[in-house]
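Some notes on the structure that comes next.
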Amino acid sequence: MTTSPAALHLTRIATLWPHLDDALDQRGTNWLASRRDLFAVLDQVDREEAAALRALERDPQQIGETPAPVSLRILDTARLVESTLVHLADTLAPQITRPALTHAPVEWEARGWTPTDRAIRNQCADYEQADPRRWRYVGLRTAEYAAGWLHARVTFEDGYDAPFWPLTAAQHLHVEQVTEGCADRIAAALDLTTRAVPAIHPCPDCAGRIVVTTGAGRIPSARCEDCARGWTLPEPVAA
């Protein structure tokens, strides 16, 4: 059976997310207890102050190394992806979740039910309402949990025993588009994708356009599109 693109994107997110956490931790977060605290603090920061922090982190005119206490690029990506996936699950769940069985009506005796009937109905209702496969709007609302829940929905891995209807083609396409964007953002933040960026200055030989290729762990290189002259940085020498 062919794996759907949406499932592949969600698997990619789940695989890359720990690396996003690692990238965040490597920049030093001892000034706050956890990533959750970072998210909360950043949400409270005045917009002008946040813009100033970004400018400070990215300003190429700085003298010496002055790393920010946390990579705003990584943090912004984590916040955006997490909020996007959780929102996607929030909006999808009501559309595909079968209503849970309710408890016995108050007039159960008038309906001719026995106490055993009432107990069985309430037991079944409690089980359905507490089914861990149902999406929760409170509690665990993380990117990893949302990605796992969405993956189960797009693959319909629980079958017809789960309290969900299969996704429609339109719903599946929407999940695919959103999760592809999330996966690409994570990969870009981790510098896992190759990027080709036009250089500011023209080629010194022919005045043609120079394109700089970087990312994906490769050493940056440049090549003139007209005369094909190339430039590369020297290989790093081990200490």
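The values are calculated or read from the model by the stated rules, or taken from the named source; none is laboratory data. It should be emphasised that the depicted structure is a prediction, and the values quoted were computed from it without experimental measurement. Positions of Cβ are backbone-derived with ideal geometry, glycine not excepted, and every protein chain shown enters the neighbour counts. The accessibility values were calculated without ligands, DNA or RNA, using every heavy atom of the protein model including side chains. Shrake-Rupley method; radii C 1.70, N 1.55, O 1.52, S 1.80 Å.
Summary of computed values
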| quantity | calculated |
| --- | --- |
| Residue under evaluation residue 77, criteria (1) hydroxyl-bearing (Ser, Thr, Tyr); (2) within 23 Å of residue 5 (Cβ to Cβ); (3) part of a loop (DSSP other than H, G, I, E, B), criterion not met | (3) |
| Residue satisfying all of: in region 89-127; part of a loop (DSSP other than H, G, I, E, B) and under 30 Å from residue 150 (Cα atoms); least open to solvent (accessible area, probe 1.4 Å) among these | 100 |
| Of all residues in region 133-147 being under 15 Å from the mean Cα position of the chain (by Cα) and open to solvent by less than 70 Å² (accessible area, probe 1.4 Å), the one that is nearest to residue 91 (Cα to Cα) | 146 |
| Residue count, region 175-194 (criterion: within 13 Å of the chain's Cα centre (by Cα) and of a type in the set (Val, Ile, Thr)) | 4 |
| Any hit, region 151-159, residues being surrounded by fewer than 16 Cβ atoms within 10 Å (Cβ to Cβ) and among the basic types (Lys, Arg) | no |
| Test: residue in region 167-188 that is surrounded by 14 or more Cβ atoms within 10 Å (Cβ to Cβ), modelled with pLDDT of 90 or more and not in a helix (DSSP H, G or I) | yes |
| In region 148-165, the residues that are under 16 Å from residue 94 (Cα atoms) and touching a residue at least 60 places away in the same chain (Cβ under 8 Å) | 149, 150, 153, 154, 163, 164, 165 |
